[in-house]
Every structure is written in C-alpha cells, then in structure tokens.
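The values are calculated or read from the model by the stated rules, or taken from the named source; none is laboratory data. Worth saying up front: this structure is predicted, and the values here are computed from it rather than measured. Glycine gets a Cβ as well: all are built from the backbone with ideal geometry, and neighbour counts include every protein chain shown.
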Amino acid sequence: MTEKIVEVKNLQKSFGAVKATDDLSFDIEKGHIHALIGPNGAGKTSFVNQLCGDFLPDAGSILYKGRD
C-alpha cells in the first residue's frame with residue numbers, strides 16, 4: 001500500500017454565493033506527481049490557500065501525513 005502524504009476530504013469554501021471548492025476530495029500518494037489545472041475562476045488558488053492554511057475551509061478536512 002502506498003503512503004498517503006495529503007488527504008483532502010469533502011473540502012468546501014464559499015465567498016458569498018461563489019463556491020470556490022465544492023465537495024473536493026482526493027489523495028496525494030508518496031512518489032507520485034500531480035498537477036492542478038483549470039480555467040480562470042475554477043478555484044485553484046482558493047484550494048492552494050486552503051492547503052497552506054491561508055484560508056480555512058467552510059467544511060471538510062485536509063490531512064498532511066495523517067494530521068489535521
């Protein structure tokens with residue numbers, strides 16, 4: 001079994017009526033490379049800001065090596 005480095009579960013973040021992330025879930029496993037792509041306004045920067053702790057999610061969780 002591959003070690004999970006990051007686990008994103010049911011992540012949600014809204015700014016007024018705009019949903020930046022809506023029920024986003026995925027895992028990043030050790031040794032794998034991932035890319036975050038999408039059009040302008042898709043929520044890429046909002047997700048990265050949540051991942052880094054600059055924005056708190058409205059719901060859901062981000063675990064790094066099993067820790068919140």
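Any residue at all in region 21-37 that's assigned to a loop (DSSP other than H, G, I, E, B) and over 20 Å from Lys4 (Cα atoms)? Yes, the conditions are met somewhere in region 21-37.
Here Ser14 passes the criteria (1) at pLDDT 95 or above; (2) not in a strand (DSSP E or B) except the one numbered (2). Which of the residues belonging to region 1-32 are under 10 Å from Ala59 (Cβ atoms) and in contact with an Asp or Glu (Cβ under 7 Å, 6 or more places away or on another chain)? Of everything in region 1-32, those that are under 10 Å from Ala59 (Cβ atoms) and in contact with an Asp or Glu (Cβ under 7 Å, 6 or more places away or on another chain) turn out to be Asn10, Gln12, Lys13, Ser14.
Please work out which residue is farthest from Lys65 (Cα to Cα), limiting yourself to region 29-48 and to residues that are surrounded by 15 or more Cβ atoms within 10 Å (Cβ to Cβ) and touching a strand residue (DSSP E or B) at 6+ places or on another chain (Cβ under 9 Å). Before the answer, list the steps.
Filtering region 29-48 for residues surrounded by 15 or more Cβ atoms within 10 Å (Cβ to Cβ) gives 43-44, 46-47.
Applying the additional criterion that residues be touching a strand residue (DSSP E or B) at 6+ places or on another chain (Cβ under 9 Å) yields 43, 46-47.
Numbers: Gly43: 24, Ser46: 21, Phe47: 18 Å.
Top of the filtered list is Gly43.
Which of the residues that make up region 53-68 are in a strand (DSSP E or B) and in contact with a Leu (Cβ under 8 Å, 6 or more places away or on another chain)? Correct list: Ala59, Gly60, Ser61, Ile62.
Among the residues of region 13-29, is any among the polar types (S, T, N, Q), in contact (Cβ under 8 Å) with a residue 40 or more places away in the chain and at positive phi?
no
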